[in-house]
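**Student:** One structure, as structure tokens, below. Some questions next.
The values are calculated or read from the model by the stated rules, or taken from the named source; none is laboratory data. Treat the numbers as computed from the prediction; the structure is a model and nothing was measured. For neighbour counting, all protein chains shown are included, and Cβ atoms are generated from backbone atoms with ideal geometry for every residue, glycine included.
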Amino acid sequence: MHINGRVCEGEVEPRTLMSDFIRHQAGLTGTHVGCEHGVCGACTVQLDSEPIRACLMLAVQGNGRALRTVEGLAGPDGALTALQRAFTEHHALQCGFCTSGFLMTADALLRRQASDPNPAPLTEAEVRRELAGNLCRCTGYEGIVSALLDVLGTAS
């Protein structure tokens, strides 16, 4: 499979989870494993540009597909995206455990909005609904929502 634009090959047992392949074989530790039941969203990555829970998918299901992890968000020179900068500016992280999952979910939302020829501005309630599949125990979500609204240009 291609991970963050690079070919990543490896042999895995059929039962190997995508999250384990990403972390242990590809060496990309930004994808965190929290609940291992697909509930917390910490392991969210993008498969063929769509957010998925890496703890619910087998690595073999990624064969021949494009996977993007949080390490693939920044530019080749390491420059942070507007979303990553907004997370910093709005204090949208504390312990950081859930951050990669939130970033991958929010990045997909931003890409959907950008591809819409007539995007309607998202309200705070809509942003919260979009992020509802990701859990955070530290921030209270205010900074996360504010960061995304800022990048969307609908900050209140």
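**Student:** Limited to segment 89-120, what total is found for residues that are modelled with pLDDT of 95 or more and among the polar types (S, T, N, Q)?
**Tutor:** 3
**Student:** So which of His91, His32, His24 ends up being over 26 Å from Gly153 (Cα atoms) and either more than 13 Å from the chain's Cα centre (by Cα) or surrounded by fewer than 16 Cβ atoms within 10 Å (Cβ to Cβ) (or both)?
**Tutor:** Just a single option satisfies the conditions, and that option is His24.
**Student:** Let me ask something else. State whether one or more residues within segment 137-156 are of a type in the set (Val, Ile, Thr), more than 26 Å from Cys43 (Cβ to Cβ) and part of a loop (DSSP other than H, G, I, E, B).
**Tutor:** yes
**Student:** While we're looking at this one, here's another question. On the basis of being within 18 Å of Thr29 (Cα to Cα), modelled with pLDDT under 95 and of a type in the set (A, V, I, L, M), does Ala74 make the cut?
**Tutor:** Taking the combined requirement at face value, the residue satisfies it.
Results for (1) free of Cβ contacts under 8 Å to residues at least 12 places away in the same chain; (2) not in a helix (DSSP H, G or I), shown as yes or no for each residue.
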| site | (1), (2) |
| --- | --- |
| Gly27 | yes, yes |
| Val33 | no, yes |
| Gly38 | no, yes |
| Gly78 | yes, yes |
| Gly101 | no, no |
| Asp107 | no, no |
| Arg111 | no, no |
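**Student:** Under 6 Å between Cβ atoms, which residue pairs at least 6 apart in sequence (or on different chains) link something in segment 12-25 that is over 13 Å from Met57 (Cβ atoms) with a partner that is surrounded by fewer than 17 Cβ atoms within 10 Å (Cβ to Cβ) and at pLDDT 95 or above?
**Tutor:** Every condition considered, the pairs that remain are Arg23/Thr29.
The rows are residues; the columns are (1) farther than 17 Å from Phe102 by Cα; (2) in a helix (DSSP H, G or I).
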residue	(1), (2)
Ser19	no, yes
Gln61	yes, yes
Leu67	no, no
Arg85	no, yes
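**Student:** If I filter segment 101-115 for residues that are within 20 Å of Ile52 (Cβ to Cβ), of a type in the set (Ser, Thr, Tyr) and surrounded by 15 or more Cβ atoms within 10 Å (Cβ to Cβ), do I get at least one hit?
**Tutor:** Yes, that holds for at least one residue.
**Student:** Being among the hydrophobic types (A, V, I, L, M, F, W, C), on the phi < 0 side of the Ramachandran plot and touching a strand residue (DSSP E or B) at 6+ places or on another chain (Cβ under 6 Å) narrows it down to one residue among Ala147, Ala108; which is it?
**Tutor:** Ala108
One line per residue, one yes/no per condition, for (1) of a type in the set (S, T, N, Q); (2) in contact with a helix residue (DSSP H, G or I) (Cβ under 7 Å, 6 or more places away or on another chain):
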{"residue": "Met18", "(1), (2)": "no, yes"}
{"residue": "Gln25", "(1), (2)": "yes, no"}
{"residue": "Thr31", "(1), (2)": "yes, yes"}
{"residue": "Val45", "(1), (2)": "no, yes"}
{"residue": "Gly64", "(1), (2)": "no, no"}
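**Student:** Taking Gln46, is it under 14 Å from Ile144 (Cβ atoms) and outside any helix (DSSP H, G or I)?
**Tutor:** In short, no.
**Student:** Give all pairs with beta carbons closer than 8 Å in which a residue from segment 131-152 that is under 11 Å from Phe102 (Cβ atoms) and assigned by TED's automatic domain parsing to the domain that holds Phe97 meets a residue that is in a helix (DSSP H, G or I) and of a type in the set (S, T, N, Q); count only pairs at least 6 apart in sequence or on separate chains.
**Tutor:** Correct list of pairs: Leu131/Thr105; Gly133/Thr105; Asn134/Thr105.
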